[in-house]
Amino acid sequence: MQTKNADYNVRQSNLYIVLYAAGLTIVCGAALAFASISLKDRQEANVALEEKTNILSTVMTLEDGANIEAIYAKRVRAFVIDYNGTVKEGMTPKNVSVASEYKKKPQERLLPVYEIVSEADANQVEAVVLPVYGYGLWNNIFGFVALASDFNTILGVSFGHIGETPGLGARISSTEIQERYKNKSIFDNGQLVSVMMQKGEGMDYSGDTHKVDGMSGATLTAKGVNNMLQEYFGCYNKYLQKQPIALN
Amino acid sequence: MSTEAAVIEKVEKKAEPLFSKKNKKLISNPLDIDNPITVQVLGVCSALAVTTQMLPALYMAASLTFVTTFSNLFISLLRNTIPSRIRIIVQLAVVSLWVIIVDQMLKAYAYDISKILSVFVGLIITNCIVMGRLEAFAMGNKPWPSVLDGLGNGLGYGMILMIIAFFREIFGSGSIFGFKIFEAIGVHYQGNGLMLLPAGACIILGIIIWVQRSLNGYREAH
């Protein structure tokens, strides 16, 4: 009984508490650092694979269990350009973080481009996939836009988000919303006009190639998407204008 | 005299089997009369959020069971050294440790599931079941019963999660574990959108609580 009381008193002393807290922090910190480092490779591989899936899914339907790596290696030609549309030699999109480029001025950004080439002929470009990045209502939003070989018509989009409201703004990552962008065009007589998501939902914009139906209750996220597309099409504008196919 | 008593106590301890009646109850009670969700009404937030499909719900249940079991074990091992003035912080640190490890593991080995569960794995830290078991049980009991208690409560939570997810997935999307069951038997089924919303989970949870309480004859103490 005596020793138990003594134990108890020791445990109440400030020195013991400080040392205990410090020891616990070190042990927990070490365990977490170990877990983080040992799992990092696998996690990064997952993220890279997801990015490849997102790029490919804007232009083709991927079956469950499709070999993403193989398709990507065969069909995608990736390179980096600057604002003037000049290809940056010796750089691959792997070295470019779209998120950190987003913080720079548009004119100074490095811009990755993913060309999708034909399965039969590796020199024939079927589509071009451009990464986009912006800010929604609560946090960053991002995605890929695929343009057809006329460098004008949208083949498909894939959007992601970090913290948009589930059921409202978070719907940008659903196929339902992304389907609405298909076959819209971003140029009008050679002038960039982008595609605007409208306020309100349930309207028919099939006759207007620059407007898509909005998301009810998520007008601010839609605004973020609109700004993101406008800004990044602006960044890629010079590159797109340089393409051999005449814009109409 | 005192040595004799000590010896007897030790013998008794050794004689208690790993799954004695008392220890079995530690696992079976949380599944029924002491269920963390339906009786103690803890951990409801995640029960409503991650139960639209059974597979993510299963991962969530497994994650929480892992966290409660190992947190209970560690806190129980440390219980005689923890200064009572900072015991909640110590508990939080241990819980956070396991939660972050689970989260990292999911990101590495079940990436798609971890995206669906998103913040809810991280929020296990604030799940009342985990902290509740540490404070109410692990701080005052030996490691083995604490492990069983953590396991039992994790399973009790997981069981309810799976029941809710079963009804939500089958009525909401017409599938079980992603397998389109109505299509397989050739029946067209239009999914009930309410089941996919948190409100649908709330209704099912209410019905489960109702059924369980009427079976057990449980009455709220006034």
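Here are the numbers for this structure:
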quantity	calculated
From the options A:233, A:159, residue that is out of contact with any Pro (no Cβ under 6 Å at 6 or more places or on another chain), closer than 30 Å to residue B:199 by Cβ and either modelled with pLDDT of 85 or more or not β-branched (Val, Ile, Thr) (or both)	A:159
Where residue B:82 falls short, out of the listed (1) at pLDDT 85 or above; (2) surrounded by fewer than 16 Cβ atoms within 10 Å (Cβ to Cβ); (3) assigned to a loop (DSSP other than H, G, I, E, B); (4) among the β-branched types (Val, Ile, Thr)	(2)
Boolean, residue A:128 is at pLDDT 85 or above, in contact with a strand residue (DSSP E or B) (Cβ under 6 Å, 6 or more places away or on another chain) and of a type in the set (Val, Ile, Thr)	yes
Region B:101-112 - residue that is surrounded by 19 or more Cβ atoms within 10 Å (Cβ to Cβ) and hydrophobic (A, V, I, L, M, F, W, C) and, of those, farthest from residue A:167 (Cα to Cα)	B:101
Selected residue [among the polar types (S, T, N, Q) and under 19 Å from residue A:137 (Cβ atoms)] from A:174, A:194, A:185, A:206	A:174
Residue B:96 over 15 Å from the mean Cα position of the chain (by Cα) and at pLDDT below 90	no
Matching entry among A:189, A:226, A:237 (being more than 18 Å from the chain's Cα centre (by Cα) and either surrounded by 13 or more Cβ atoms within 10 Å (Cβ to Cβ) or among the β-branched types (Val, Ile, Thr) (or both))	A:237
Of residues in region B:130-149 being closer than 14 Å to residue B:43 by Cα and touching a helix residue (DSSP H, G or I) at 6+ places or on another chain (Cβ under 6 Å), the one surrounded by the most Cβ atoms within 10 Å (Cβ to Cβ)	B:130
Qualifying position, being polar (S, T, N, Q), crowded, with 17+ Cβ neighbours inside 10 Å and not in a loop (DSSP other than H, G, I, E, B), among A:221, A:209	A:221
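The values are calculated or read from the model by the stated rules, or taken from the named source; none is laboratory data. Source: prediction; values computed, not measured. Here the Cβ is made from the backbone with ideal geometry for all residues, glycine too, and neighbour counts use every protein chain on show.
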